[in-house]
Structure formats: structure tokens, C-alpha cells
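Report on the following structure.
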Amino acid sequence: MLSADERREIEAEIPRYPQRQAACIDALKIVQRRRGWISDESLRDIAELLGMTLDELDAVATFYNLIYRHPVGRHVILLCNSVSCWIVGYSRLREHLRRRLGIDFGETTPDRRFTLLPIVCLGACDHAPVLMIDQDLHRDLDPAGLERVLESYR
Amino acid sequence: MHPDQRPLTRDLRPDGEALSLPGYERAGGYQGIRQALRLAPQEIIQLVTRSGLRGRGGAGFPTGQKWSFVPLGPAAPRPKYLAANADEMEPGTFKDRLLLEATPHQLLEGMMIAARAIEAEIAYVFLRGEYVLAAQRIQRALAEAYAAGYLGGHSFGADFSLQIYLHTSAGRYMCGEETGLLNALEGKRANPRAKPPYPQTSGLFGKPTIVQNVETLCCLPHIVNHGAEWFRSLGLAADAGTKLYGASGKVKRPGLWELPMGTPLGVLLEEHAGGMRDGLKLRGLLPGGASTDFLTPRHLDVPMDFTNVEKAGSRLGTGTMIILDDRTCPVGMVWNLEDFFAQESCGWCTPCWSGLRWAERILAAFERGQGAESDLEKLDWIVKFCAPGNTFCALAPGAVEPLSSALRYFHDDFLAHIRERRCPYRGGSNGNAGGES
Ligand SMILES: Cc1cc2nc3c(=O)[nH]c(=O)nc-3n(C[C@H](O)[C@H](O)[C@H](O)COP(=O)(O)O)c2cc1C
Ligand code: SF4
Ligand code: FES
């Protein structure tokens, strides 16, 4: 069930569009912000609230890189693997994460602290290589810098 | 440089904070919309047409001409819509981020002027979900603009009523494509739509709609304030205005600069990006993001504008260059690009989803040392298969631009991979680490 808070926040988005369905991305993000991911149950609840079929909403949910249909860890690392980061050494960061956390793309640490996902160009190519953790962008990283950054996410 | 020669970034704060509404107005902000409100919509469209402004989202379509297809007057369908395209997901592109984070009011004013020109009542800033700071700053700027009465109705003492909403997306390259963006805003998958009908007559929710890039919109207040002639005079070669140029890759000073449209490639690279890092040589570059053809060191004299880059066999695209050095594998670089395009294909047309993934698999084989001469023919064939006209949208034709030009310019590298049965740029056996240093 959606919480009263979630419902209220979603309802507040709806008047910005002429059709309820148009608020579905907002709704998915609102629920995911609180629960970390979108379960089948959440999907059903949102679809019902917005007058969509389950298939319609799932087609949207699975289309987007930032909507998670599987549980994720407490912090999500989005490592840019696009071209400018690739040129200046994204794979060293990936290798470092693999060694330090024991995870590769699509995996979560056993203590559920981190999930690692690839992401397309984060629009910070002049500071490549970059990654995001949760809502924060970290730029100009080398393995030592990445190590310090990881420490601040418990 | 005279400050009015870089109108878009002239007033950026040195501390990187966004200009507040009062700060923006002290620098002359919101004069353009006031001026525009004294003009008829047709007159604004004519002004922008005369200015020579071309879309900064990548395609360079003339902005005034695009607007001229929107039905005007009391008989036109309503409401009409405007969408600011702030999806910026083209790999290697980081220019709109600056405008969104540093001068959100400039964008809002540009949107007001565009909305006035096409008589739109509702506008959205379509922002990619990862631009968290930009979202906060636009949200704050919107609150300031509503509080000042500049949005929401009867603004500026005129019959001007505009609502602007921020829509943050959830990450998919196709959302940046004009009609994909409209579907995304309607809460659907961002598949593109068949044209005609064109968005100008039947766009968002079936109503007349204009989709415009952030940088394009930011030019508008200045064109209204200083005139079409002034804007044209800023350009050094064939096209008008200034351009936010960027460079990434192994140059000494990667970065972003507002410079006259038509600044020569070599000047950008040497004077602004500081040249290549020590010990490296320029091999080639993508002049305007991932979906543009390679240029090479013999193109350094090319003026970086839409007209001249096209003459040189590529496209200005987003104007943010990706630099390939002589120690990075061109085959590996193109592999990385095609992997991106294959992943972001919406899957609608066969040449795109199957052709691009096939190309990616072949390039991966090259990097593993398993490429064959016959694969080069296959890659050529995929390039033709994805040519403009064979697919529903411009993703696939854009995707094969770096591929086809790499096959042309870096043919010897492909052959070396076949001959040596490995990637000649690679020390160890390390993933796709052609670009390691
Ligand atoms: C796959 C694809 C992605 C695109 N992404 C963007 C984008 O992120 N931002 C943008 O302004 N234009 C993007 N475009 C171009 C838009 O379709 C459209 O031409 C542009 O927003 C029009 O604005 P302009 O005339 O001001 O350039 C993309 C095009 C394609 C084919
Ligand atoms: S070209 Fe690719 S992205 Fe564009 S509609 Fe076809 S399958 Fe979709
Ligand atoms: S390629 Fe990584 S931020 Fe652009």
C-alpha cells in the first residue's frame, strides 16, 4: 500500500499535466525515493492511482535507467562508462570497486551497503572520470580519491 | 573580449552559485521579455529568423523557421506547449549543465520569449534525472519568478500568461529526441513518433508544441535586447551568435568556453584546451558529441559552425569535442560508442536495434583479437543499413557516423587488430581498457 505521504506527494504532481498518466515517472520516483526500488506491489498501487494498466506502467518503469525494479543497497553507485570517461580511465575505477567491494555492474555488496550500476555520460566529461553516489556527483576521480569518497557512505 | 561578445556566460558568478532573480535583473535580465511583449508574436518570429539562430541541440535547424509552422491567432488549438530540452545525454556533452546550474533565470526568460512567439501557455523544463543540482536551482528560480509575478498570469503588466513546470526524467537517451521527449512527458515510453504530423501542429497531448534546446533558448533574451544584426555579427564564419564549445579527453585543460560561432577547431584545441597532454598526439576527434563523424588533424583550420563542419564531412552537433589521442585505441573507442547506442536504442526498428548490437559485437571481437577482414564488410553494410531514411529516428544514423568515419580514417588500426590478433594499444588483457594511461 502507498503511504499517505506518498499518495499526497503524487497527487500534488498530477495537476501539472492534463492527464493523470503523465505523472507516472514522478510517481515512480517518489515511491523509489522512500523505498529504494519499485516492487510489483508498488507498481500495482501506482498504476491503480493513475488509472493505468499494470503493463502500461511496467513498460515505462523498465524503460528508464534510474527506476530500479530490483532491490538495491543503501547507496547506489552510478559509474559513468561513456566515451570521455572511458578514454581517461573509467576502467581503473571499475577495477578498484571490484577489488574493494567485490562487486561488478548489477551487483550489491553482501552487507547491502552498495549497489554498483553503469550509467551513461553524466554530463561532466571535462572532469572525467566521474561517478554518482545517490544524489552526489564525484569528479576527477582516481582510485585513491574514490577510496576517500566511499568512506563517507556508510 | 568585449563582454557582450559572450552574452550567455557574461554574468556567471565566480563562486559557481546560480544568479538569483535580483542578481539576474541587475545584470539586465528580464528586459528581453519586456521588450518582446511589445512585439507581436509574428514580429518575434521574424526577428529570430533574421538573427540566423540555429538549434543548439545538435541538428542546427533554424529556430525562427521552426516556429513559423505553429498555428497562431484565436483559431489555433489550445493550449499550446513549449518544452525546454534539458535531457543532455549525448556522450561527451556537458554544455547545458552549465547554463542550467549557473543561469536558470536566463533559461526561464528565453522560455518566456519563445512561449510568447508561439503563444504557448504551458511550458516544461524537461531535465535529465541525474542533474540534481540543476533541478534544485531551476526549482528555486521558478519559485522566485512566480513570486515576482513573472509567471502564472498577467505578468509584466501585459496579457502574458505562462506556467512553467519542471519535469525531471529518469534516464534514457531517447528522451532527448524531440518526439520521444513528448511521449516521455505524457508518461509513456520515449519511443519516437511518426512525422507528419509535426509537433508544431500536433505535439504534446496532441497540441501544437515546440521543443527547443536549453542553449538555443538562452540566446533569445540577447537577440531581443541587441537585435538580429548584432547576433549575426558575433559569428566569425557562416553561422550566427556564440557557441558553448567544450573539450574532453586527454587535452591539458578540458573545459567549456563561450566563443564566437565559427571559432577554428585548432584555436579551440590549442588556445583553450591547452593542446594535448605531454607526450600525446592528436589522432582525431568527434566535434560535437558521440553521434558525429570523426575529424582529423588535417581539419584544424575548419571553423566550428554548422555549415563548415558539415563541409568537412561531419556535424557541429553539440559543439563539445571528444578528443582521441595516439595512445588510445580508435577501435576500442568506437566499440564504447556503439555499445552505448545499442543499449539506448528503443528497439522500434530492426536496422537500429539489431544492427547496432551486431556492430558492437564485431568491435568487441576486434578488441579481443578475433576480428577478420570479412567483418569490415559487415560493418560497412551495417553503416549503410542504418543510413538516414531507413530508421524511424535519428539515433541510428547518428550512431553510425563515428563508425563509418573510423572505418575510413583508422582503417590501418582495424587491419592491425586483425594482423596482430590483439588490440595493439593494450598492455595487459584488461577489459575495454584501450584508454588507460
Ligand atoms: C537520440 C536523440 C537524442 C537527442 N537528445 C537531445 C538532448 O538531450 N538535448 C537536445 O537539446 N536535443 C537532443 N536531440 C535533438 C532533438 O531531437 C531536437 O532536435 C532538439 O531538441 C531541438 O532543439 P534545437 O532546435 O534548439 O536544437 C536528440 C536527438 C536524438 C535523435
Ligand atoms: S532508430 Fe533506433 S532509437 Fe530511433 S526509433 Fe528506430 S530503434 Fe528506436
Ligand atoms: S563521458 Fe563520463 S561524464 Fe561524460
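Observations on the structure shown:
- The simple spin-label model puts a point 7 Å past each Cα toward its Cβ; for B:PHE156 and B:GLN5 those points are separated by 2.9 nm.
- Charges were assigned to the Cβ only: +1 to each Lys and Arg, -1 to each Asp and Glu. The resulting dipole of the protein assembly as shown about its Cα centre is roughly 80 debye.
- Pairs of Cα atoms nearer than 8 Å and 6+ residues apart set the relative contact order; for region A:107-151 it is 21 percent.
- Charge-dipole axis of region A:86-154 as Lys and Arg at +1 and Asp and Glu at -1 on Cβ define it, positive-most pick from A:LEU146, A:THR109, A:VAL120: A:THR109
- The protein assembly as shown - share of DSSP beta bridges that are antiparallel (%, nearest 5): 45
- Within 10 Å of each Cβ in B:185-195, the average number of Cβ atoms from other chains: 4
- Placing R0 at 51 angstrom, the Cβ-Cβ distance between B:GLU121 and B:SER354 gives a FRET efficiency of 0.75 after rounding to 0.05.
- Taking the DSSP bridge list for region B:3-234 and keeping only pairs wholly inside it, about 10 percent are antiparallel.
- Sites matching chymotrypsin sites (Phe, Trp or Tyr not before Pro) across region A:1-93 that sit in DSSP coil, with at most 12 neighbouring C-beta atoms within 10 Å: none
- Loop-resident sites, region B:239-323, for chymotrypsin sites (Phe, Trp or Tyr not before Pro), counting at most 16 other Cβ within 10 Å (DSSP): none
- Applying 1/(1 + (r/R0)^6) with R0 = 45 Å to the Cβ-Cβ distance of A:GLN19 and B:LEU39 gives a FRET efficiency near 0.85.
- Lys/Arg +1, Asp/Glu -1 at C-beta; region A:4-63 dipole; positive extreme among A:ILE10, A:LEU43, A:THR62: A:ILE10
- For the protein assembly as shown, the alpha carbon positions stretch 72, 61, 47 Å along the principal axes, listed from largest to smallest.
- Given their separation in residues at 0.36 nm each and the Cα-Cα distance between them, B:SER20 and B:ASP326 gain 105.7 nm when the chain is fully extended.
- Average Cα contact separation per residue, chain B, under 8 Å, 6 or more apart, as relative contact order %: 15
- The trypsin sites (Lys or Arg not before Pro) of region B:225-285 meeting both criteria, a DSSP state outside H, G, I, E and B (loop) and at most 15 other C-beta atoms within 10 angstrom of the site's C-beta, are B:LYS252, B:LYS281.
- Among the protein heavy atoms, those of B:HIS272 account for about 50 Å² of accessible surface (1.4 Å probe, every chain in place).
- Candidate residues B:GLU377, A:GLU147: accessible-area rank, largest first, probe 1.4 Å: B:GLU377, A:GLU147
- Residues B:LYS311 and B:LYS252, FRET efficiency given R0 of 30 Å [Cβ-Cβ distance, rounded to 0.05]: 0.55
- For chain B, alpha-carbon Rg and Dmax in angstrom: 22.2, 73
- Label-point gap, in nm, between A:ARG34 and B:ASN390 - each point 7 angstrom along Cα→Cβ: 4.9
- Mean-position separation - Cα centroids, region B:19-39 and region B:209-263, in angstrom: 19
The values are calculated or read from the model by the stated rules, or taken from the named source; none is laboratory data. This one's a predicted model, so the numbers in the text were calculated from it and none came from an experiment. Note that each Cβ is placed from the backbone with ideal geometry, even for glycine, and that neighbours are counted across all protein chains shown. Heads up: the accessible areas ignore ligands, DNA and RNA and are worked out on the full protein's heavy atoms, side chains in. Shrake-Rupley method; radii C 1.70, N 1.55, O 1.52, S 1.80 Å.
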